[in-house]
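K.L.:
Sharing a structure below in structure tokens format, with a few things to ask.
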Amino acid sequence: MNHSQSTALFKRAKKSIPGGVNSPVRAFASVEMPPIFADHGKGDQLTDVDGNTYTDYICSWGPLILGHASPVYYEGIDAMLAKGDTYGIATAIEVEMAEMITEAYPSMEQVRMVNSGTEATMSAIRLARGYTGRDKFIKFEGCYHGHSDALLVKSGSGTLTFGTPTSAGVTAGAAKDTLVATYNDLHSVQVLFDENPGEIAGVIVEPVAGNMGVVPPDAGFLQGLRELTTQEGALLIFDEVITGFRVAYQGAQGLFGVTPDLTTLGKIIGGGMPVGAFGGPKKIMACLAPEGPVYQAGTLSGNPIAMKMGLNTLTYLKQHPEVYTAMDERAARLEAGFNANIAATGVKATVNRCAGMSALFFTDQPVKNFAGVMTSDTAMYTRYFKMMLEAGHLMPPSQFEGIFVSAAHSDAAIDKTIADNRKALEALAAN
Ligand code: KE4
């Protein structure tokens, strides 16, 4: 495939944008090649500026649950734009969005809209601290909750690619109240509570980890966190920025039947526009300004155009539950196909999956936590990524990200991905 236009754009971009990209993972550094630049997408297909078309498994890192350029996202947008796009005062559509979310997530009696997942988690942590009067909180190694200072500690996603699990610029003071436990290890959480009695405001967790590849929760892990936090007077925060409206309409809390105190959302709820949200019981949310002492704000929070695209998406998902069944079936076929290819070729690899999100790790070790992820052969992943790209399949450009199947992924596309995965694994097995 010819990537000359992408490469030229990247060279040009590096003059005016740090690293040539507006988010590090887009630089393709982990797979040691210049990034491709997108030109357009339709359904499960993405076409780059050189005219190469791929079946897309990035799906904008989660938002595109209906695939690229679905008319569902855009319904009624032109009419709204004719009236204006932002006001700085409240609008009715923000109320409709809040009602949509709180109806789908009973644990969220109230919800505040923000502009990114980072804002949502940062605000949720501040709220938990303000509500409990406690400073410390627990996160899990390899989980990524956006780039606010206190959460950029032993984090996942791009911080793993760039070897900065705790970022430069995050002061010791900002990180000192962040305690780090091991995913799927309740004892590691209990130890932190025992060492910090009465000081921990909350535990924030990706209920299905999607930023160290995909690591589903072991049976009982989430319930165990619920029991531990209740017993210790700490809040349980589910970061459902990826899993919300993805692993089920009711998110991971609906899928696993565990009710958090606070939930953060993002990605899908914006229909492709920059949207995040956080919510919980009224007694906790009442601590937020303007009612309470915990300040949080945003110029474009609840932007009407973004709300409309988000509402279009959520309304469609609510009216078409069959979308989840179809996504789960396709992701299961992809998993089964990859596993058959691993068995047939003898390549050391393992597949993790939860509903429509999955990951292919180049390790024969079980991947249940960050340590398991780090047994992966990232050099082999790089070779695999490039072979799949050349064959017309855009896999995540990092071992530490997830594969997303959308409602738009066709059976034919899935089958071709499985067939080309077999060829790639055969090539890896040969040398
Ligand atoms: P944003 O600030 O990027 O909207 O959301 C941060 C965030 C919070 N919580 C979870 C569970 C997340 O996965 C994310 C962001 N996810 C990454 C992909 N793994 C965003 C991709 C990127 O950084 O470009």
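K.L.:
Determine whether the range 378-391 contains at least one residue that is in a loop (DSSP other than H, G, I, E, B), touching an Asp or Glu at 6+ places or on another chain (Cβ under 9 Å) and not basic (K, R).
P.N.:
Yes: one or more hits.
K.L.:
Considering only residues that are outside any loop (DSSP other than H, G, I, E, B) and among the hydrophobic types (A, V, I, L, M, F, W, C), which ones fall in the range 261-291?
P.N.:
Within the range 261-291, L262, L265, I268, I269, A277, F278, I284, M285, L288 qualify.
K.L.:
For the range 292-308, enumerate the residues that are part of a helix (DSSP H, G or I) and open to solvent by 20 Å² or more (accessible area, probe 1.4 Å).
P.N.:
Listed by number, the list holds a single entry, K308.
K.L.:
For the range 21-45, name all the residues that are more than 24 Å from M380 (Cβ to Cβ) and more than 14 Å from the ligand (Cβ to nearest atom).
P.N.:
F37, D39, H40, G41, K42, G43, D44, Q45
K.L.:
Shifting gears a bit: Pick from the range 47-57 the residues that are open to solvent by less than 20 Å² (accessible area, probe 1.4 Å), assigned to a strand (DSSP E or B) and in contact (Cβ under 8 Å) with a residue 24 or more places away in the chain: which of them is nearest to S6 (Cα to Cα)?
P.N.:
D48
K.L.:
Out of the residues in the range 102-122 meeting the condition of being open to solvent by less than 10 Å² (accessible area, probe 1.4 Å) and under 17 Å from the mean Cα position of the chain (by Cα), tell me which one is nearest to the ligand (Cβ to nearest atom).
P.N.:
T121
K.L.:
While we're on this one: Any chance the range 227-235 includes a residue that's assigned to a loop (DSSP other than H, G, I, E, B) and either touching a Ser or Thr at 6+ places or on another chain (Cβ under 8 Å) or of a type in the set (A, V, I, L, M, F, W, C) (or both)?
P.N.:
Yes, some residue in the range 227-235 is assigned to a loop (DSSP other than H, G, I, E, B) and either touching a Ser or Thr at 6+ places or on another chain (Cβ under 8 Å) or of a type in the set (A, V, I, L, M, F, W, C) (or both).
K.L.:
Now for a different question. For the range 138-177, how many residues are crowded, with 17+ Cβ neighbours inside 10 Å, within 15 Å of the ligand (Cβ to nearest atom) and not in a loop (DSSP other than H, G, I, E, B)?
P.N.:
Result for the range 138-177: 8.
K.L.:
For the range 61-106, how many residues are farther than 30 Å from F400 by Cα and assigned to a loop (DSSP other than H, G, I, E, B)?
P.N.:
11
K.L.:
Can you tell me how many residues in the range 240-253 are open to solvent by 10 Å² or more (accessible area, probe 1.4 Å) and within 10 Å of the ligand (Cβ to nearest atom)?
P.N.:
Count: 2.
The values are calculated or read from the model by the stated rules, or taken from the named source; none is laboratory data. As the structure is a prediction and not an experimental result, all values here were calculated from the model. Cβ coordinates were reconstructed from backbone atoms using ideal geometry, including for glycine residues, and neighbour counts include every protein chain displayed. Note: areas computed on protein heavy atoms with side chains; ligands, DNA, RNA excluded. Shrake-Rupley method; radii C 1.70, N 1.55, O 1.52, S 1.80 Å.
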